[in-house]
Ligand code: ARG
Ligand code: ZN
Ligand code: CA
């Protein structure tokens, strides 16, 4: 069936005892700014710098809302602050400890984590949906206890405090890391398919590409056509991104309609 899909979200803000507003314990406003960016990007709404007015871009008809009810049925603002008594985390420990100890039922919520990564070069990462019928995805490849998307607190949201407290810094300061990770969460591959020109991302309307683009290049040709560097599933700077294509939208809708732990988010 058609119509707008609104995915309920919980954001787990992982900290080490800092007060709210002291890194990495990001503010409610910073969390809300991230949801706003995702809604601007997935619905192709104006509002986020980088401008979502590219005529090639699709309104995916998928949007996000912080949860209003927690797993126990109590009211919540959808923000779960947890002191896990560690200053920073490796991805192995995030997957082994942080996620399993904080996750809300992944059949009912899209889980997002803001974490201080020990690898400060890492922006974020995601778990693909389980779906044996979708090109490029392995069947049953991810466990329920780690389902969701993670970003470094320093790339989470789009409010630049400019006070040295938070590290949101160009070119990854516009919240597009989570737009990209949620694309993976809904089944999108990188537009270069993580391989050469013959490797597909299973979207006919993203031109073939043989590698990630960085920065904000103009007219870069890798496989006879200009790369779609504005696509959220490339590696370009936040302000350069403004496209999910029609085929990417269709792929995400297939996931929402077929994939375990995605169908129940609608
Ligand atoms: N490297 C990350 C990934 O592959 C995220 C890249 C995000 N890019 C950005 N401009 N924020 O999932
Ligand atoms: Zn990626
Ligand atoms: Ca393609």
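Numbers for the structure displayed
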| quantity | calculated |
| --- | --- |
| Some residue of segment 197-205 being away from ligand 2 (no atom under 12 Å from the Cβ) and surrounded by 21 or more Cβ atoms within 10 Å (Cβ to Cβ) | yes |
| Condition met for residue 48 (touching a helix residue (DSSP H, G or I) at 6+ places or on another chain (Cβ under 6 Å), at pLDDT below 95 and under 28 Å from residue 255 (Cβ atoms)) | yes |
| Pairs, first assigned to a loop (DSSP other than H, G, I, E, B) in segment 141-166, second at pLDDT below 75, C-beta under 6 Å, six or more apart | 160/168 |
| Boolean, residue 264 is more than 16 Å from ligand 3 (Cβ to nearest atom), exposed (fewer than 15 other Cβ atoms within 10 Å of the Cβ) and part of a helix (DSSP H, G or I) | yes |
| Segment 225-249: number of residues that are away from ligand 2 (no atom under 16 Å from the Cβ) and without any contact (Cβ under 8 Å) to a residue 24 or more places away in the chain | 2 |
| Test: residue in segment 224-237 that is more than 29 Å from residue 111 (Cβ to Cβ) and touching a helix residue (DSSP H, G or I) at 6+ places or on another chain (Cβ under 7 Å) | yes |
| Residue count for segment 250-266, restricted to those that are within 17 Å of residue 64 (Cβ to Cβ) and within 16 Å of ligand 2 (Cβ to nearest atom) | 2 |
| Failed criterion for residue 213 (all others in (1) within 16 Å of ligand 1 (Cβ to nearest atom); (2) part of a helix (DSSP H, G or I); (3) crowded, with 18+ Cβ neighbours inside 10 Å hold) | (2) |
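Yes or no, residue by residue, for (1) buried (at least 16 other Cβ atoms within 10 Å of the Cβ); (2) at positive phi; (3) not in a loop (DSSP other than H, G, I, E, B):
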| residue | (1), (2), (3) |
| --- | --- |
| 12 | yes, no, yes |
| 17 | no, yes, no |
| 20 | no, no, no |
| 31 | yes, no, yes |
| 45 | no, no, no |
| 87 | no, no, no |
| 111 | yes, no, yes |
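The values are calculated or read from the model by the stated rules, or taken from the named source; none is laboratory data. No experiment lies behind these values; they were computed from the predicted model shown. So basically every Cβ, Gly included, is an ideal-geometry build from the backbone, and we count neighbours across all protein chains shown.
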